[in-house]
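We did not get these values from a lab; they are worked out from the coordinates using the rules stated. Keep in mind it's a predicted model, so treat the numbers as computed, not measured. Glycine also receives a Cβ, built like all others from the backbone with ideal geometry; neighbour counts cover every protein chain displayed.
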Amino acid sequence: MDKQEPRQGTALSLREAAELLVSGSGSLSFHDAEVMLVHAVEHGELNANIKRWATEQWDGSGLPGNINQQETLIEQADLEAWRKGKPAADK
């Protein structure tokens, strides 16, 4: 199994999901990918098991909604469905 391709049916951290988006796009920054995912989660476009930071727990700059990118989980199937539903210009 290729270590860069997660198994089907597995939950990815928001960070891992952002890494997949960046690897599939030549122009998207890692932070922009994280923010895009957070926006989709916050607007009900992408299902996720959300874990939030308390403000005093932040280490550096945080993401919108205080979302913890390491402990927020997104099912790979949900991520792929969301990616397929986006306009081609956003992929």
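Applying 1/(1 + (r/R0)^6) with R0 = 35 Å to the Cβ-Cβ distance of Ala77 and Val35 gives a FRET efficiency near 0.95. Distances between placed amide hydrogens fall under 5 Å for Arg52 paired with Asn68, all partners being 5 or more residues away or on another chain.
One decimal place: the segment Ser25-Asn66 gains 12.2 nm when fully extended, by the rule 0.36 nm per residue minus the C-alpha distance. Summing charges over neighbours of Leu14, with a neighbour being any other residue whose Cβ is under 11 Å away from its Cβ, gives -2 when K and R count +1 and D and E count -1. Protection proxy ranking for 40-47, 12-19, using the average of other Cβ atoms within 10 Å per residue and placing the highest first: 12-19, 40-47.
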